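Only one structure is covered here, and it is reproduced in the block below.
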Amino acid sequence: MPFKKTFPLALLLFFQTGYLDGQNTSSALTEKVDLVEPMVDAANSRFFFFSSACRPFGMVNLSPDMVVNGTWGAGYRYNIDTVRCFSHIHGWQLSGIPVLPTTGVFKGQLGPDVYGSSFSHHDEKAQPGYHKLLLKDYGITAELTSTMRVGFHRYTFPKSDEGHILFDFTTVLGPANTESAITRKISDQEIQGSVTMAATARRPKAMTVYFVAVFDKPFASFGGWQNGKIVDVNDIIEGKNTGAYVNFKTKEQEVRQMKVAISYVSIEEAKNNLQKELPDWDFDRVVKDSRREWNNMLGRIEVEGGTLVERRRFYTDLWHALQGRRVISDYSGSYRDMTGPQSLVKHIPLGADGHPRFQHFNSDSYWGAQWSLNTLWGLVYPEVTESFINSMLMMYDDGGLIPRGPSGGNYTYVMTGATTTPFIESAYMKGIRGFDIRKAYEGMRKDHFPGGMMGKAGYEFNTSIGGGIEFYIEKGYVPHPLTAKNYGYHQDGSAQTLEYAYQDYAMAQMALALGKQDDYSLFMKRAENYKNIWNKEIGWMWVKDKEGQWAIPVDILEYEKGWVEGNATQYTWFVPHDVKGLIDLMGGADAFTQKLNQSFEWSRPNGFVSGSSADPVEKKKLRRVYINYGNQPCMETAFLFNFSGSPWLTQYWTRQVIDSVYSGISPQKGYGGDEDQGLMGTLAVLLKMGIFSTNGGTSLKPYYEISSPIFSKITIHLNTHYYQGKTFVIEAKHNGPGQFYIQSAALNGRPLNKPWIDHATLVRGGKLVLNMGDQPNKQWGSDPKLAPPSMSSK
């Protein structure tokens, strides 16, 4: 049972509420927030990847954009020396409100490739909640910070007779084109408006962003342009391909400030967000408040030991785990429901304190979250997990389905399967129960049948065919090809089969916990369906057609063709709920261990990731890898040795993966491909803490597997509104380079000779002591009877 079922005050505090540069010495890094390096991997990834002037899960994510057009290769790009705008929204299929201060002859109508300004990293500082740089072409020092829903700008101008701040609503921004805009002058210190961002291939409906921009000093005039030409305006400009700007004169080193509040509901709600969150003009206070909020969240985990770079990278990874997925509801609790034929404004229920009981979220898929968010959020940030679940259930009320990746208040059907089932079910099993479990069960069950999420392939908006759920229920697998044409993305039957079987197991455990015996039996039988695509002759999971025939020719390294963003060698290990059953299929623990170990050895030359190339032939070649820690399908593989009686290999290979994929603080690398809205950052945190959950916490009694932490001491500060304990400490004695093998262990002073710990034990608080050495102790944790539980365990 949970320690306390609801925690509205903590949610309110969490959601409502000196600077670092890349050259800081260790003496300057005194708090957790100082250790974060936002520039890690900033040369790569997607439009929504980079963050600086942002709160945890902030609706506003204010940062510079070097490239404005595109989902990939856009946004902040470390290796590009031109800033084209500062935009306020960097979310999953969401973008909006690009601005830029300029001086001299106005050039806004000519587009960002003309009015953009050069800058240098030597003049730049970035930290959680703050960004500063010099726009060299204009001599303007720009500083950015934010509250949850308000962007705060502080610009220091040179002496100029022509100073401007422009709002460009003509450009493609990230994933979306700007469809139309209305901008209206309210006074000489305020403008208001709305911008409609066009639908995308993934977000099926246009989305309107409402904004209120206020200035601390009057501007001299208000102007606009349309279709590349300056036009006369009478305090308003509207339509397609329009932009607006304000003009003023400045003295040398004159500071001008601007606040931009946003809402997806209305101008009135944007104004309320501004009044509630940022009524004053104290920029430095807001920076300090943001710093304090981030420091409190990051401080839930304290690490000691390791190198300075390792500690900086750890808190950078943890920082990524707390963003990417964005709030889309207002301070008042208003939000826009886009699930039906008409756009509707609705309201989150209020708690006894008069504030919303939770927030509503925009989010990429939970595909792979069982190996990341389930574990970290559920253990360290249970109030976050609870708020996200309530958001999902509210969307179920609105649109009839629990989403697997909502954007703009609507379904995207991103990726495959019922990916939120393990997320919700694992929370319940851990005692996080401040949500309507009856409704949750009803919605989760619906997703596992025709008409639910398992019926749809990726981005399958208008049909429910590509998921193959009918065939799965009848035959026990999803064939490939399922149909002559694809109805959505990722219509890859073997991967879908494995995902569905795991999610069915999670559903079965929820049914058992709620006393629904018939459903338990039904879903447990379906959870064995992974066996139906095991090809004994080749020794790998493989692809079957509708007639039950194995696909030929056999190429286990071929990318996709039945596998979602992976191949047979990566997906063969995707049986998180029944590793023991997979071991049996492979002929026992020795054969399993040898095959998995060899897969890691073969993957070492590639750095345990799949490479990328603009050349299609080279790209195809680079994807032919056995293990890929640059994407989600086989994130669990290094931990599977714990199940086969070889935990020393888990200790060895997790350290190799960390060193190769998740180490360093370079802008040129960091996550091996795609950080994916906190998923890979979260995985990196768990790897470095030395705890993991292969089945995503979906057992009736959740547990954590143990690996090799990189720090000498890790203290987890538990949320006492959910868990009875105050702290859980992991101490790794004699830890260091090469000293990554566990020699012995003790839990709360008693010897521990198994490579896993119950969740219930951990959250009561206590201490795990690991004695480390440079040689494997093949006796520790290797007793098959003490392996982590699986569905097939006796």
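The values are calculated or read from the model by the stated rules, or taken from the named source; none is laboratory data. Worth saying up front: this structure is predicted, and the values here are computed from it rather than measured. Methodologically, a virtual Cβ is constructed for each residue, glycine included, from the backbone with ideal geometry; neighbour enumeration extends over all protein chains shown. For accessibility, only protein heavy atoms count, side chains too; no ligands or nucleic acids. Shrake-Rupley method; radii C 1.70, N 1.55, O 1.52, S 1.80 Å.
Every condition in (1) within 23 Å of Q775 (Cβ to Cβ); (2) under 18 Å from the mean Cα position of the chain (by Cα) is met by G678 except one, and the failing one is (1). Screening V83 on (1) open to solvent by 10 Å² or more (accessible area, probe 1.4 Å); (2) touching a strand residue (DSSP E or B) at 6+ places or on another chain (Cβ under 6 Å) shows it passes everything except condition (1). Pairs meeting the criteria (first residue in region 324-337 and at positive phi, second residue modelled with pLDDT of 95 or more, beta carbons under 7 Å, at least 6 apart or on different chains) are G333/H347; G333/I348; G333/L350; G333/P356.
Within region 400-452, can you find the residues that are touching a strand residue (DSSP E or B) at 6+ places or on another chain (Cβ under 8 Å) and closer than 19 Å to T339 by Cβ? Within region 400-452, P406, S407, G408, G409, Y413, V414, M415 qualify. A count restricted to region 592-633 and to residues that are polar (S, T, N, Q), in a helix (DSSP H, G or I) and surrounded by fewer than 14 Cβ atoms within 10 Å (Cβ to Cβ) stands at 1.
Go through (1) within 29 Å of the chain's Cα centre (by Cα); (2) open to solvent by 20 Å² or more (accessible area, probe 1.4 Å) one by one and return the number of the condition A261 breaks. (2) is the only condition that A261 fails. Number of residues in region 726-769 that are surrounded by 17 or more Cβ atoms within 10 Å (Cβ to Cβ) and part of a loop (DSSP other than H, G, I, E, B): the value is 7. Residues considered: V345, V309, V327. Of these, the only one that is open to solvent by less than 10 Å² (accessible area, probe 1.4 Å) and β-branched (V, I, T) is V327. The number of residues in region 308-352 that are charged (D, E, K, R) and modelled with pLDDT under 95 comes to 1.
When P204 is tested against (1) in contact with a strand residue (DSSP E or B) (Cβ under 6 Å, 6 or more places away or on another chain); (2) closer than 30 Å to Y413 by Cβ; (3) not small (G, A, S), exactly one condition is not met: (1).
At least 3 residues being in contact with a Pro (Cβ under 7 Å, 6 or more places away or on another chain) and at pLDDT 95 or above is the threshold, and among the helices (runs of 4 or more DSSP H) wholly inside region 437-553 those reaching it are 469-475, 493-513. Picking from residues in region 591-623 that are at pLDDT 95 or above and among the basic types (K, R), the one that is nearest to R655 (Cα to Cα) is R604.
For every residue, the table says whether it meets (1) in contact with a Lys or Arg (Cβ under 8 Å, 6 or more places away or on another chain); (2) at pLDDT 95 or above; (3) not charged (D, E, K, R).
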{"residue": "L9", "(1), (2), (3)": "no, no, yes"}
{"residue": "F14", "(1), (2), (3)": "no, no, yes"}
{"residue": "D21", "(1), (2), (3)": "yes, no, no"}
{"residue": "S27", "(1), (2), (3)": "no, no, yes"}
{"residue": "K32", "(1), (2), (3)": "no, yes, no"}
{"residue": "F49", "(1), (2), (3)": "no, no, yes"}
{"residue": "M59", "(1), (2), (3)": "yes, yes, yes"}
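The residue pairs whose first member lies in region 725-752 and is within 19 Å of T650 (Cβ to Cβ), whose second member is of a type in the set (D, E) and open to solvent by 30 Å² or more (accessible area, probe 1.4 Å), and whose beta carbons are closer than 7 Å, counting only pairs six or more residues apart or on different chains, are G738/D774; Q739/D774; Y741/D774. Considered as a group, the residues in region 217-227 that are open to solvent by less than 40 Å² (accessible area, probe 1.4 Å) and outside any loop (DSSP other than H, G, I, E, B) include one that is farthest from G488 (Cα to Cα), and that residue is F222. How many of the residues in region 113-141 are open to solvent by less than 40 Å² (accessible area, probe 1.4 Å), at negative phi and within 28 Å of the chain's Cα centre (by Cα)? Going through region 113-141 one residue at a time, the tally reaches 7.
Evaluate region 385-405: report whether one residue or more is at positive phi and either surrounded by fewer than 24 Cβ atoms within 10 Å (Cβ to Cβ) or of a type in the set (V, I, T) (or both). Yes, region 385-405 has at least one match.
Being surrounded by fewer than 20 Cβ atoms within 10 Å (Cβ to Cβ) and assigned to a loop (DSSP other than H, G, I, E, B) is a description that applies to G587.
Conditions tested, residue by residue: (1) of a type in the set (A, V, I, L, M, F, W, C); (2) within 16 Å of the chain's Cα centre (by Cα); (3) under 25 Å from L762 (Cβ atoms).
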site: H320; (1), (2), (3): no, yes, yes
site: S329; (1), (2), (3): no, no, no
site: Q342; (1), (2), (3): no, no, no
site: W377; (1), (2), (3): yes, yes, yes
site: T385; (1), (2), (3): no, yes, yes
site: L393; (1), (2), (3): yes, no, no
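Hey, any hits in region 263-278 for a residue that's within 30 Å of L110 (Cβ to Cβ), of a type outside the set (G, A, S) and at pLDDT below 95? For region 263-278, residues within 30 Å of L110 (Cβ to Cβ), of a type outside the set (G, A, S) and at pLDDT below 95: absent.
Considering only residues that are closer than 22 Å to F728 by Cβ and among the basic types (K, R), look in region 281-312 and name the one that is farthest from the chain's Cα centre (by Cα). Of everything passing the filter in region 281-312, R311 is farthest from the chain's Cα centre (by Cα).
For residues that are assigned to a strand (DSSP E or B) and open to solvent by less than 10 Å² (accessible area, probe 1.4 Å), tally how many sit in region 692-725.
7
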